[in-house]
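Taking it in order: structure first as structure tokens, then the write-up.
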Amino acid sequence: MLKRKIENVLKDWKNTPNKSPLIIKGQRQCGKTFSVLKFAKENYKHVVYLNFLTNPNYITIFNDSLKVDDLIIMMSALLGDEAIFVPYETIIIFDEIQDCPEARTSLKFFKEDGRFDVISTGSLLGVRGYGKQPKSVPVGSEALIEMRPLDFEEFLWANGISEKIIEKLKMCLQTVTPVPDALHNKMYELMLQYTVVGGMPAVVQKFIDTKQMNIVLTMQRNIINSYEDDMVKYARKMDKPLIRECFQSIPMQLSKENKKFQYSVVKKGTPARKFAGSLQWIEDAGIVSRCYNLELPELPLDGNAIQDVFKVYMNDTGLFVSMLENGTQYDILQGNLYAYKGAIFENLIADIFVKMGRKLYYYHKDSGLEIDFVTRYKGGCYLIEIKSTTGNTKSAKTILAHPEKYHVAGVIKLGHYNIGKVDKILTIPLYLGFLLTEY
């Protein structure tokens, strides 16, 4: 059974006095329902579960009164013996709450009542054009968190890497000491596996159980197909003709030397404004993240971001790789990445950064300066360079050579290296990206 970090988040929420009902949002199939039900069964005597997507009839419970006692009567009537309501011992779970806007409105009343803990999940919450919106969003009466697929550390846990080993890696990074060869080779192998498997829980579990990459690829492509079905089913009518084309263009966008997202790559001759809603829909669904170009690589990064110049990365690298041609998984596992190597490992680091809560930024100038990522680390502005094998850091060195113009604390170069440091350039293995947690 996969260990997830959200388990601790849920325990902290349960132990919070006077807590608000919790809403967990996240892309489809990232493990929300499984984690919530597992937590509920382990921590409460009684669990009342309503899934509004698979059982639309449950929506009628909220058609009239939203008083808690009235809702309990209606839930008991529909669920029968499955619904046991004991104050402070029962948790209520509203799954796919975006399909029942009034259930979200009811969270205010559950908060005021206080007898029952409530957790809701939603895959398309806030997605433009999806369903009806609640008459009243209970501001101040709900706590909202975002859940994502397994991050690299969770993937390591699933593959038997202990906390002790991860602490060893942290110590090596902190002391700028090379990782022992045997561990270094093992970690690099696991990183390549994570690159092709990704973090969708069902996919990871199947990989752990079978090690059969053909099954993994089939599952990933089924997920991609389900996302595309959602785009056609739930997007606004005006966006439907373009939204899948926008999504399917991502591999082409990232294969370009200049990876800036260009609407002309999606469909030549179509004005950018026609695609704006399509890309926003995909981002709101949690499938992709934008990486914004900066006016200058310095803090505050958000204040330097250029809002209409950006790259787009998939939030799960395994799904990204599954969108490429057959044989790509094998090439990656063998270390033969060819033309796609830059795109794949950039997406890997974007995946790692997004799942740790970092916003994505890069730096590009027409003069030729190009920095893959720029981030805050240890209180300073750091340039992040991704090198799949070996490579120089010409742009980073140019920026470091002009401190009067660029206020940069240092450079972190991630690649197929061990740990080392020369002046302000720290070199670390790609697999250590998940440990760059300090802000």
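The values are calculated or read from the model by the stated rules, or taken from the named source; none is laboratory data. Note that the structure is a prediction, hence the values are computed from the model and not measured. Cβ atoms come from the backbone with ideal geometry, glycine included; neighbour counts cover every protein chain shown.
If I ask for residues that are within 21 Å of ASP372 (Cβ to Cβ) and charged (D, E, K, R), which ones from region 311-326 would you list?
Of everything in region 311-326, those that are within 21 Å of ASP372 (Cβ to Cβ) and charged (D, E, K, R) turn out to be LYS311, ASP316.
State which residue is farthest from the chain's Cα centre (by Cα) when the search covers only region 291-322 and only residues that are touching a residue at least 60 places away in the same chain (Cβ under 8 Å) and surrounded by fewer than 18 Cβ atoms within 10 Å (Cβ to Cβ).
Out of the qualifying residues, it is LEU296.
Quick check: anything in region 1-15 part of a loop (DSSP other than H, G, I, E, B), closer than 29 Å to ASN315 by Cβ and touching a Cys at 6+ places or on another chain (Cβ under 8 Å)?
No, that holds for no residue.
Can you spot a residue in region 23-43 that is among the aromatic types (Phe, Trp, Tyr), within 29 Å of the chain's Cα centre (by Cα) and either in the same structural domain as ARG115 (by TED's automatic domain parsing) or not in a helix (DSSP H, G or I) (or both)?
Yes, there is a match, as at least one residue in region 23-43 is among the aromatic types (Phe, Trp, Tyr), within 29 Å of the chain's Cα centre (by Cα) and either in the same structural domain as ARG115 (by TED's automatic domain parsing) or not in a helix (DSSP H, G or I) (or both).
If you take the residues in region 406-421 that are in a strand (DSSP E or B) and touching a helix residue (DSSP H, G or I) at 6+ places or on another chain (Cβ under 7 Å), which one is surrounded by the fewest Cβ atoms within 10 Å (Cβ to Cβ)?
GLY415
Tell me which helices (runs of 4 or more DSSP H) are completely within region 164-282 and hold 1 or more residues being closer than 23 Å to ARG148 by Cα, or say none if there are none.
Result: 181-197, 201-210, 213-234, 240-248, 250-255.
Find all pairs meeting these conditions: Cβ atoms under 6 angstrom apart; at least six residues apart or on different chains; first residue within region 1-20 and within 17 Å of LEU156 (Cβ to Cβ) and of a type in the set (D, E, K, R); second residue modelled with pLDDT of 95 or more and buried (at least 16 other Cβ atoms within 10 Å of the Cβ).
LYS3/TRP157; ARG4/SER35
Select from region 352-405 the residues that are in a helix (DSSP H, G or I) and not aliphatic (A, V, I, L, M) and write down the one among them that is nearest to ASN315 (Cα to Cα).
Taking the candidates together, the pick is LYS355.
Could you check, for region 300-315, whether at least one of its residues is touching a helix residue (DSSP H, G or I) at 6+ places or on another chain (Cβ under 7 Å) and either of a type in the set (Asp, Glu) or assigned to a helix (DSSP H, G or I) (or both)?
no
Please count how many residues of region 51-66 are loosely packed, with under 13 Cβ neighbours inside 10 Å and not in a helix (DSSP H, G or I).
The number of residues fulfilling the criteria is 3.
With LEU333, LEU348 as the choices, which residue is surrounded by 18 or more Cβ atoms within 10 Å (Cβ to Cβ) and not assigned by TED's automatic domain parsing to the domain that holds GLY26?
It is LEU348.
Would you mention how many residues in region 27-75 are of a type in the set (Gly, Ala, Ser) and on the phi > 0 side of the Ramachandran plot?
Final tally of qualifying residues: 1.
Is one or more of the residues making up region 114-125 among the β-branched types (Val, Ile, Thr), under 22 Å from ILE282 (Cα atoms) and either under 23 Å from the mean Cα position of the chain (by Cα) or at pLDDT 95 or above (or both)?
yes
Which one of LYS259, LYS267 is within 30 Å of ILE399 (Cα to Cα), at pLDDT below 90 and not hydroxyl-bearing (Ser, Thr, Tyr)?
LYS259
State all residues of region 254-290 that are under 21 Å from the mean Cα position of the chain (by Cα) and at positive phi; if no residue qualifies, say none.
Once the filter is applied, which keeps residues that are under 21 Å from the mean Cα position of the chain (by Cα) and at positive phi, region 254-290 yields only GLY286.
May I ask you to verify whether ASP12 is acidic (Asp, Glu) and surrounded by 15 or more Cβ atoms within 10 Å (Cβ to Cβ)?
The answer is no for ASP12.
Could you look through region 143-200, keep only residues that are hydroxyl-bearing (Ser, Thr, Tyr) and more than 18 Å from the chain's Cα centre (by Cα), and pick out the one that is surrounded by the fewest Cβ atoms within 10 Å (Cβ to Cβ)?
In this case the residue turns out to be THR175.
For region 70-101, which positions are closer than 23 Å to LYS32 by Cα and part of a helix (DSSP H, G or I)?
MET75, LEU79, GLU82, ILE97, GLN98, ASP99, PRO101
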